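The values are calculated or read from the model by the stated rules, or taken from the named source; none is laboratory data. The structure displayed is predicted, hence computed values, not measured ones. Every residue, glycine as well, gets a Cβ built from its backbone with ideal geometry; the counts of neighbours run over all protein chains shown.
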Amino acid sequence: MSLARGLASTKGKAVRLGGATAAWALRQRPRTSYRPGITVLTVNWNSLPFLGPMLDVTRSMSPADVEIVVVDNASTDGSLEYLASRADVRVVRLPMNLGHGIALDIGAALVDTEHLVVLDVDAFPVTDRWLDESLEALRCGAKVAGARVHRNFIHPCFFVTTTQLLHDHDLTFRPVGSLARLDRRAPLFLDVGEALSQRVIVKYGGSRALHPFEITSARGPGPAGAVFGGLVYHNMYATQGVGRADALAHWADALALHHPSTDR
């Protein structure tokens, strides 16, 4: 698509700037209306062992008309070939890894259904009530609902809102600052989606604008994973890096517990 072609020419530091600029430009498109419905959005980067089961479970636990969008950050592990085989999934292919937050911004900018749900690639619903209960929180007055891990924001491992809210206020999932430099130079770090929640709190009069689903069950060590609100499971280990093997083991355990018939 044209977005991918436009980003492909950037190099080095300009990659992130170009990606952020492209996401911003997409968010500025005029909107006149939103279609009834729900879009589930996830970002993938070389996480094929998580991606397949996540999509299968999300599809089986959701109404048939729910749309699923996967933004792929230039995976090289077979994810793109797998996604090409899924007629039930819309794929946005990025030409390089732009990071989780910017990829979410790009995906969200392309959504035109009334409601948007974000799930991490290592998260999945544990009940078919997950969307009904999430949307009920919005109907009761919250602007954003979803997982609360520790600080006062809705974590994008499980994040539910109206698409219009994001577009009207030009909200972004991009992180602020650098966690790696926090103890030296950076005075502030806000994780992916954290600044978004803080803007919603300020705009809409306090924490009641958020409806957090707290941890209702957890599996150790660490915890290794947790269920939020009895609705959605999320792995706590990163899908990449030195903890990947542990993450996959805990993922398999969680799938076996909550969805024993799912292929892993």
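Go through Phe189, Phe228 for me and flag whichever is surrounded by 13 or more Cβ atoms within 10 Å (Cβ to Cβ), in contact with a helix residue (DSSP H, G or I) (Cβ under 8 Å, 6 or more places away or on another chain) and of a type in the set (Phe, Trp, Tyr). If you could, list the steps in order and put the result at the bottom.
Numbers: Phe228 fails: in contact with a helix residue (DSSP H, G or I) (Cβ under 8 Å, 6 or more places away or on another chain).
Phe189 is the lone residue from the list that is surrounded by 13 or more Cβ atoms within 10 Å (Cβ to Cβ), in contact with a helix residue (DSSP H, G or I) (Cβ under 8 Å, 6 or more places away or on another chain) and of a type in the set (Phe, Trp, Tyr).
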Which one is surrounded by the most Cβ atoms within 10 Å (Cβ to Cβ) among residues in region 150-164 that are assigned to a loop (DSSP other than H, G, I, E, B) and either in contact (Cβ under 8 Å) with a residue 12 or more places away in the chain or touching an Asp or Glu at 6+ places or on another chain (Cβ under 8 Å) (or both)?
-> Ile154
Only one of Asp56, Asp88, Asp77, Asp65 that is assigned to a helix (DSSP H, G or I) and acidic (Asp, Glu) = Asp56
Residue satisfying all of: in region 43-80; of a type in the set (Val, Ile, Thr) and out of contact with any helix residue (DSSP H, G or I) (no Cβ under 7 Å at 6 or more places or on another chain); farthest from Glu114 (Cα to Cα) among these = Thr76
For Arg174, are the conditions met, namely being part of a loop (DSSP other than H, G, I, E, B), crowded, with 18+ Cβ neighbours inside 10 Å and at pLDDT 85 or above?
-> yes
Exception for Glu194 within (1) at pLDDT 80 or above; (2) loosely packed, with under 15 Cβ neighbours inside 10 Å; (3) acidic (Asp, Glu) falls at (2)
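Yes or no: Leu98 part of a strand (DSSP E or B) and closer than 21 Å to Asp170 by Cα? Quick ask: steps written out before the conclusion?
Details: part of a strand (DSSP E or B): no; closer than 21 Å to Asp170 by Cα: yes.
No; evaluated as a whole, the condition is false for this residue.
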